[in-house]
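Engineer: The following block contains the structure, expressed as structure tokens.
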Amino acid sequence: MNLFKQFGDMAQMVQAAPGLIDSAGRLADQSAAYRAQMDQQAVQALNAQPQPGNLEPIAGVDLERYARIVKGVAAFGYDESRLTEVARGFGVDAESWAAAQAGWGGRIQVDRGVGRRFNEIYQAV
């Protein structure tokens, strides 16, 4: 009796196989499309150019000085509360630093070209 049940279960599995195969194929296609999209976005990020005017200094702080200040906080264990002090060491007063920090942070998030350029500078300094 058990042998007949096994044959019945096998028959059900064979009947379900085409649907499972189709489903797996759709998932593989979706995965490939997602990978292609991610690859395309990575290439765009690597080659992105800043939008016109987005490298202009903010409150007198250009992108290179901003990157140096941000990286300079490493000397204080990345304590962000020390950024104003580090900025002062680069000749940037607290008010100008607050404007520059907000402005450059916004540009980096919105403009991939600015983000790419920031990363290049940050790694170099």
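The values are calculated or read from the model by the stated rules, or taken from the named source; none is laboratory data. For clarity, every value in this text was computed on a predicted model and none was experimentally measured. Heads up, the Cβs are rebuilt from the backbone with ideal geometry, glycines too, and the neighbour counts pull from every protein chain shown.
Engineer: Evaluate region 79-93: report whether one residue or more is in contact with a strand residue (DSSP E or B) (Cβ under 9 Å, 6 or more places away or on another chain), of a type outside the set (Ser, Thr, Tyr) and crowded, with 16+ Cβ neighbours inside 10 Å.
Structural biologist: yes
Engineer: Would you check which residues across region 48-85 are among the polar types (S, T, N, Q) and touching a residue at least 12 places away in the same chain (Cβ under 8 Å) and list them?
Structural biologist: Within region 48-85, GLN49, GLN51, ASN54, THR84 meet the criteria.
Engineer: Related question: Scan region 64-84 for residues that are in contact with a helix residue (DSSP H, G or I) (Cβ under 6 Å, 6 or more places away or on another chain) and either closer than 17 Å to SER96 by Cβ or assigned to a loop (DSSP other than H, G, I, E, B) (or both) and report the count.
Structural biologist: Here the count works out to 9.
Engineer: Please find, among ALA100, ALA45, the residue that is aliphatic (A, V, I, L, M), under 25 Å from the mean Cα position of the chain (by Cα) and at pLDDT below 80.
Structural biologist: Going through ALA100, ALA45 in turn, just one is aliphatic (A, V, I, L, M), under 25 Å from the mean Cα position of the chain (by Cα) and at pLDDT below 80: ALA45.
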